[in-house]
Amino acid sequence: MTSMLPPTRDLPPGRHARIRAEVERAVTGRRRRRLLFPVLAGVASVVTLAVSVALLPPAPGPPAPAVQVTTSPPPEEPGFGVPVDTVKAIEEGCARIAGVGEAKLYQLLEQETRWALLYTDKEELGCTLGQGGMEYNSGFSGTEVRWLPGHLAVDENSARAGGDLNPKPVYAGMPGSRTIAGRVDDQVARVTYTIDGRTVEGTIAHGTFAVRIHYPPNWTIPNDDARGVLNAYAADGTLLLTGDGYQPGCWVDPAGKIVQGDTRADPLTCKPATPWVPR
C-alpha cells in the first residue's frame, strides 16, 4: 500500500465549457418550465372569462307596449300652435256668441288680426278674436256643410271697414279686412284670391280654405264692391275652379234632396253632391 495520491488527470480541451453549458441549459429549462405553466394558466383563465361573458344573456329590459301609439298629437300642440285650453276656449266662446251648438276649430289665423274658422255639423262660423273690446265676435252661415258642390264650397265672403270709420273709439286703429273661406275636397292643394288689384295665397288646413286681406284703418268698402276671383289648383298645378267661388246650378244628396245651390230648382236637374270629409 502506498500513501501517494494518484497523478492529476485533466479533462480534454473544451470539455469544461460543454459541461457548464449543459448544466446551465438544464437549470434554465427547469425555471422556464416552472414559469411557463402559471402564465399559460392565466391566459386560459382570461379566454374562459371572455367566452363566458359573450354567452351571458342580455339584461331584461322593460316589456314592450302591446300597442304603439303614433298618430295622436301632443296635448299641448293640437295643430294650431296654441295650447289645447286655448282651442277649447275659442270653440266655446265663438259658438256661444253665435248662439249655435258645439263647434270645432279648423283654422286659426294670426296676422294683423286674430281670426278663427269653425264648423258645427250644420254651420260655418267666422269668428274675430280680441277686437273692438270683444273677446269673441262671430257670425254664421246656414249652408249645409256636409256636402260639397264639386271641389270647393264658399261659406263666407265678407268685408269689414277700417276701425277709424266706426264711431266707437274702441275700434280706432283696427284694420279693415276681407275674408273668403269655405271647404275643399282632397284634390285642392292651393287657393288664391284676387281683388282690389292684389292676389293673396289662401291657407288650406283640415279640409278647409281661408283667405284674409287687411287694409288700413281708414279703408271703406267700395260701393260697387266685387266678389273677386277665386282660383283653386290641384297639386300638379291644374286649375280646378275659377270665378267668384259660387257655382251656378244645384246639387243633391243621394236621397235627391238639394243640399247646395238653387234650392228652388228641380232636383232632377241637379248634379250629385260629394260628401265633405274634413282632414
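Rule-based calculations on the coordinates, nothing more; no lab input. All values derive from a computational prediction rather than experimental measurement. Quick reminder, even Gly has a Cβ in these numbers, built from the backbone with ideal geometry, and neighbours come from all protein chains shown.
General remarks:
- Charge context of Y233, other residues only, Cβ under 14 angstrom, K/R +1, D/E -1: -3
- Whole-Hz couplings from phi, Karplus 6.51/-1.76/1.60, listed for the stretch 147-158; x for Gly and Pro: 10, 10, x, x, 7, 8, 10, 8, 9, 8, 9, 9
- Comparing V229, A103, G256 along the charge dipole axis of the stretch 84-275, the residue lying farthest to the positive side is V229, per the Cβ-charge model.
- Estimated dipole of the stretch 158-279 in Debye, rounded to 20 [Cβ of Lys and Arg +1, of Asp and Glu -1, Cα centre]: 280 debye
- Each principal axis of the Cα cloud of the stretch 183-242 was taken in turn, and the coordinate range along them, longest first, works out to 39, 20, 15 Å.
- Kirkwood radius for the stretch 80-151, taken over all pairs of different Cα atoms as the inverse mean of 1/r, rounds to 12.5 Å.
- Whole-Å semi-axes of the stretch 84-275's equivalent ellipsoid (Cα gyration tensor): 29, 20, 16
- Here's how it looks for Y215: its modeled amide H is under 5 Å from those of G176, S177, which are all 5 or more places away or on a different chain.
- In a fully extended conformation the segment linking L268 and D225 would gain 12.0 nm over its present Cα-Cα distance, using 0.36 nm per residue.
- Amide H within-cut-off set for W276, under 5 Å, with H built and near neighbours excluded: W147, L148
- Distant-in-sequence amide H partners of Y136 (H built 1.01 Å from N, under 5 Å): G130
- Here the Karplus relation 6.51 cos²θ - 1.76 cosθ + 1.60, evaluated at θ = phi - 60°, turns the backbone of the stretch 239-252 into coupling constants of 6, 8, 7, 8, x, 7, x, 9, 8, x, x, 8, 9, 10 Hz, with x for every Gly and Pro.
- For the stretch 95-104, 3J(HN,Hα) per residue [Karplus equation, 6.51 cos²θ - 1.76 cosθ + 1.60, θ = phi - 60°, Hz, x = Gly/Pro]: 5, 5, 5, 6, x, 10, x, 4, 10, 10
- Stokes-Einstein diffusion for the stretch 176-279, with the hydrodynamic radius set to the Kirkwood value over Cα pairs and evaluated at 25 °C in a medium of 0.890 mPa s, equals 159 µm²/s.
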